[in-house]
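The values are calculated or read from the model by the stated rules, or taken from the named source; none is laboratory data. Keep in mind the model is a prediction, meaning the values are calculated, not measured. Glycine also receives a Cβ, built like all others from the backbone with ideal geometry; neighbour counts cover every protein chain displayed.
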Amino acid sequence: MSEPALQISDLHVSYGRVRAVQGLTLEVREGQVVALLGPNGAGKSSTLRAISGQAPIVSGAVRALGQDLRALKPDRIVSLGVAHVPEGREVFASLTAEENLEMGGAARGGHSQLELVYELFPRLLERRAQRAGTLSGGEQQMLAIGRALMSDPRLLLLDEPSMGLAPIVVKEVMEQLRQVASRGMSVLLVEQNAAVALELADYAYVMATGELRREGVPDEIGGADELMAAYLGG
């Protein structure tokens, strides 16, 4: 059996005295969509930041695409084929949509995936000359995902892609993510919207207060209502 696209073992992440992640172990197989669920403060975003080299790893192992990531800088991690779409989208507001996409391509030596991005997100083609700051929230989320795809990643890290979006826009964005996953890309999806995440995911992990509380395939892990009541603060 080939090595997983992502393998985390006994991960501990701390910010000073604040322990954000405590002993997390998970994996994402090649071509698999894995959801990482939990309430605010569970350690989900810190996990993604640790993978992408943006959070301090106290101990534990993080391997992606056959490489040990712990000592690597973020730009080197991107060059290996790991792309991180952060919470809040963080588009360059003064640049056009297409200029934002080109910035994503530059992160991996100018490799361009414009044709693929416009195929997946045709609205970005329509808005390519529009400044990113004037796009709707849904369009900015599509742009953030498209910018990550411009680096031609093999592992995509997504942090709360549904946050702040109307339900109809969430449905559209998730359908586009389904198309991304269908191309064989490995995806680690952080979400508070359990129903949305479990519909898309092949496997799921549930965190609370920095620790893993539950894992399994969506049919086994429990319904969204149960998870909300037990773990997600609903």
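General remarks:
- Of the set (1) on the phi < 0 side of the Ramachandran plot; (2) at pLDDT 95 or above, all apply to Asp10 but (1).
- Filtered residues of segment 58-85 (kept if among the polar types (S, T, N, Q) and in contact with a helix residue (DSSP H, G or I) (Cβ under 8 Å, 6 or more places away or on another chain)): Gln67
- Looking across Glu102, Glu90, one residue alone is at pLDDT below 95, under 30 Å from Arg128 (Cβ atoms), surrounded by fewer than 18 Cβ atoms within 10 Å (Cβ to Cβ) and within 14 Å of the chain's Cα centre (by Cα). It is Glu90.
- Annotation: of all residues in segment 1-32 being under 16 Å from the mean Cα position of the chain (by Cα) and part of a loop (DSSP other than H, G, I, E, B), the one that is nearest to Tyr203 (Cα to Cα) is Gln32.
- Scanning segment 115-151 for residues that are assigned to a helix (DSSP H, G or I) and of a type in the set (A, V, I, L, M, F, W, C) yields Leu116, Val117, Leu120, Leu124, Leu125, Ala132, Met142, Leu143, Ala144, Ile145, Ala148, Leu149.
- Unique residue being surrounded by 22 or more Cβ atoms within 10 Å (Cβ to Cβ), of a type in the set (A, V, I, L, M, F, W, C) and closer than 13 Å to Asp159 by Cα when the list is Leu37, Leu24: Leu37
- Segment 33-54: number of residues that are closer than 25 Å to Ala194 by Cα and either of a type in the set (Phe, Trp, Tyr) or not in a strand (DSSP E or B) (or both): 15
Listed here are the residues, each with its yes/no results for (1) more than 16 Å from Leu212 (Cβ to Cβ); (2) in contact (Cβ under 8 Å) with a residue 40 or more places away in the chain; (3) in contact with a Cys (Cβ under 6 Å, 6 or more places away or on another chain).
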{"site": "Lys44", "(1), (2), (3)": "no, yes, no"}
{"site": "Leu48", "(1), (2), (3)": "no, yes, no"}
{"site": "Gln54", "(1), (2), (3)": "yes, no, no"}
{"site": "Ile57", "(1), (2), (3)": "yes, yes, no"}
{"site": "Gln67", "(1), (2), (3)": "yes, no, no"}
{"site": "Arg70", "(1), (2), (3)": "yes, no, no"}
{"site": "Lys73", "(1), (2), (3)": "yes, no, no"}
{"site": "Val82", "(1), (2), (3)": "yes, yes, no"}
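- For segment 55-77, filtering for residues that are assigned to a loop (DSSP other than H, G, I, E, B) and on the phi > 0 side of the Ramachandran plot leaves 2.
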